[in-house]
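S.K.: What follows is a single structure, and I will ask about it in a moment.
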Amino acid sequence: GLDCADVSLLPRSNVSPYIEVSVDSRRQQQALGTLARLASGRAGRVLVVPATELSTRIVPPGTLAAAEGTLEVGEEVDRQQFIESLVNAGYVRVSSVMEPGTFAIRGSLMDLFSPGEREPVRIDFFGDEVESIAEFIPETQVTSRKVSAAHVYPPTPAAETGGPHSRPPQQSVDLADE
């Protein structure tokens, strides 16, 4: 049988493929997370895709797989460089993590909500070593379970790759107008 972990959803964008503005960043982040999990082989056995999204351009799988990162317990990470890479990738630093694409820092703790993940993670550093990682519930900020690794997906499409809501090639627009 199937359970929730076996099913991945590529959400409907509600955006015309002919404009460059995304009206719903949550859906965009969920789509990027789903695509990143697909590219890395971590998606469920079933992918649900609305018919309207079948012709939408997406970030190439190789680009997403290359942009994914993983933090593991015991790993040495230059913390300051990691923070800079999050900001450069489009993550937003906030005081309390509630939404995908955000992170917060309090002393040795870093809360991070990677798009496409069900729960954010709390990473406890000892210097530059990842001492522990635990998922937590955003509404209560209480940890729910320890995990051995955290997957970090890009929160926004890379400008040079064209994202899920990027304009189609001019040739496609011309053909559609005929």
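Read the figures in this text as sums done on the coordinates, not as results from a lab. Please read these numbers as outputs of a predicted model, since none were measured by experiment. Every residue, glycine among them, receives a Cβ derived from its backbone with ideal geometry; neighbour counts consider all protein chains shown.
S.K.: If I model a spin label at residue 105 and residue 85 as a point 7 Å from the Cα along the Cα→Cβ vector, what separation in nanometres do I get?
M.R.: With each label point 7 Å from Cα toward Cβ, the separation is 1.5 nm.
S.K.: Starting from one equal scatterer on each C-alpha and no solvent at all, send me the Debye-based log10 I(q)/I(0) for region 116-160 at q = 0.18, 0.24, 0.27 Å⁻¹, two decimals.
M.R.: Calculated log10 I(q)/I(0) at the listed q: -0.62, -0.88, -0.99.
S.K.: Using 12 Å as the cut-off for backbone N distance, which residues of region 77-105 belong to the label zone defined by a point 7 Å from the Cα of residue 128 along Cα→Cβ?
M.R.: So the set is 77-82.
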